[in-house]
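Each remark here refers to the structure printed beneath this line.
The values are calculated or read from the model by the stated rules, or taken from the named source; none is laboratory data. Model, not experiment: these values are computed from the prediction. With ideal geometry, Cβ positions are generated from the backbone for all residues, glycine too; neighbour counts draw on all protein chains shown.
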C-alpha cells in the first residue's frame, strides 16, 4: 500500500453490466454506528469485531436472538494500548480464541510501518501488548496466516523475514529460509497440504513460491502464466481456495490465474471485464470471499486505487456481474473488507458507517459440510465440552485480502437452537485440534463453552457446527 491511496480521485459511476444476477443482493445492518468501519474478524462466539479505521477503538456486532446480523447489536470493546492506532496490519483469530494484530502501515495517521501489536482475550476483555519479533525494525502492512498446526506466521513487510508466534509466551521464532524476494505487498494462501502459496510482487517476473512448515523454507511453485502484479505499484489482488482445490488468484492488472493445489499447475483465468467507461477492472488490494455455493465474490475497481467498484462472482469458469452497494460509485477495491458469517452471508465494510451483508444464491454441496461424530447430548450452562467431527475447519480460509488485513474463518462455531422458541445461541469455541483446511475424513475437535444460565434457554435444542457459512446436520441436545 502506498501514499497514493490518500489521493482523492474523481468519482466514477457504477453501471451494472448485462450479466447482473438479480437474485444476489445486499442488505445493510439496520443499526448504524458512528464509526468508519474497517478491519473485521469473526470471533469464535459468533460476534464480529470491527475496528474504527485507523484508531484504537474496536466494536462488536452481535447477532440478534434469532441469529440475524442485520438486526444485530453493537457494543464497544476496550481500546487498544495507548499509542497504538494502526491502519493496514496483520490480523488473525488464534486457536485459543484470542484476536491478534501486529504492525500497521500507518500509526496515528502517520506512515511509519510500525512494529507495535496487541492481542485481545474475550475472557479478560482487554488488549495485551504483543511485541514484534526481536530485531525487526518494521512490520507494517504485513501478511500473515495461521498454519495448520495453529501457529501464527507473520511477515516483515519490507524484508524476506518471517516469524512464528508462541502464543503462550508471546515470543517469536524465525522461519522462512530461501524466500526469493521481499514480502512487500504479497499475500499468503493456506493449501490443503498445509503449505502456503504466494506470488512474488517485487521481482518483475510471474514467479510463485510455496512455504513448507515442516522445513520452514520456501521453494519455487511455478510461473503464474498470467501477469497478476502491477509492477509500478507492486500491488496484487486476493487469492481464495475453492472446494475443488483450485485457488483463484486475482490480479491488479485485470488478469487472473488459477493454481491447482493437487497438480501444482498454473493456468490462466478470464480477465475481469472493462467498466462502462472502457477502463480495465482489477483488484489492486481488495477483498474476495468464498460463498457457500463454492463461488467467489470479488470486489473490483478500475486501475490502481481508482473509484467505481463493481462486484463479480467466479464460478470456476467465468465471472458474472452482481449488484453493488450504495457506496460502490465512490469506493475503490482497497476500501473493502470481507468476512464470512455463520449465516452464509458476507459482511462488507468500506471505511464508512454503512455495514452491508451480501446474500448469495445457490447452496453448498452437502459433502462440504462439517460433521459431528461425538458430542455430549446433555449440556449444562457454563460448562465446557469437547466436540469431535470431520471438516470442522472447512475447505478454505474463506475470505481473503492479502497484506494489510486477513480475516480467515477456518474454525468451527457451535450454534445451539432452542426447539420451542427457535432462539439462537453461540457457544464460544477454542483450542481447535487443527487449523488445516480440507482435512477430509480426519477426526478433529474443538472445545466449546455453553453460555451461562442467564444467557441461554433450557430444554430440548439442536446443536450444529458451522464453518465458513456451512452448517453440519443438527444433533439433538438438552440444555439442563
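Annotations for the structure displayed:
- Total residues in region 388-414, condition surrounded by 24 or more Cβ atoms within 10 Å (Cβ to Cβ) and assigned to a strand (DSSP E or B): 6
- Test result for residue 206, surrounded by fewer than 18 Cβ atoms within 10 Å (Cβ to Cβ) and closer than 25 Å to residue 299 by Cα: no
- Enumeration of residues in region 372-410 that are touching a strand residue (DSSP E or B) at 6+ places or on another chain (Cβ under 6 Å) and either assigned by TED's automatic domain parsing to the domain that holds residue 250 or closer than 20 Å to residue 248 by Cα (or both): 394, 396, 397, 398, 399, 400, 405, 406, 407, 409
- Qualifying residue in region 431-444 (condition: buried (at least 17 other Cβ atoms within 10 Å of the Cβ), touching a strand residue (DSSP E or B) at 6+ places or on another chain (Cβ under 6 Å) and part of a strand (DSSP E or B)): no
- Residue within region 184-193 that is more than 27 Å from residue 434 (Cβ to Cβ) and within 21 Å of the chain's Cα centre (by Cα) present: yes
- Qualifying residue in region 100-117 (condition: touching a strand residue (DSSP E or B) at 6+ places or on another chain (Cβ under 6 Å) and outside any strand (DSSP E or B)): no
- Condition check for residue 252: out of contact with any helix residue (DSSP H, G or I) (no Cβ under 6 Å at 6 or more places or on another chain), closer than 26 Å to residue 96 by Cβ and modelled with pLDDT of 95 or more: no
- Residue that is surrounded by the fewest Cβ atoms within 10 Å (Cβ to Cβ), among those in region 209-218 that are without any contact (Cβ under 8 Å) to a residue 24 or more places away in the chain and in a strand (DSSP E or B): 212
- Checked against (1) surrounded by fewer than 20 Cβ atoms within 10 Å (Cβ to Cβ); (2) over 21 Å from residue 69 (Cα atoms), residue 418 meets all criteria but (2).
- For region 266-351, the strands (runs of 3 or more DSSP E) that sit wholly inside it and include 3 or more residues that are crowded, with 24+ Cβ neighbours inside 10 Å and under 15 Å from the mean Cα position of the chain (by Cα) are 288-290, 296-302, 337-340, 346-349.
- Under the condition of being in contact with a strand residue (DSSP E or B) (Cβ under 7 Å, 6 or more places away or on another chain), under 23 Å from residue 334 (Cβ atoms) and in a strand (DSSP E or B), the residues counted in region 231-257 number 9.
- Selection from region 30-52 of residues that are surrounded by 20 or more Cβ atoms within 10 Å (Cβ to Cβ) and within 21 Å of residue 332 (Cα to Cα): 35, 37, 38, 39, 40, 41, 50, 51, 52
- Complete set of residues in region 446-470 that are in contact (Cβ under 8 Å) with a residue 40 or more places away in the chain and either part of a loop (DSSP other than H, G, I, E, B) or more than 18 Å from residue 378 (Cα to Cα) (or both): 450, 451, 452, 456, 458, 466, 467, 468, 469, 470
- Restricting attention to region 221-230 and to residues that are within 25 Å of the chain's Cα centre (by Cα) and in a loop (DSSP other than H, G, I, E, B), the residue that is farthest from residue 300 (Cα to Cα) turns out to be 224.
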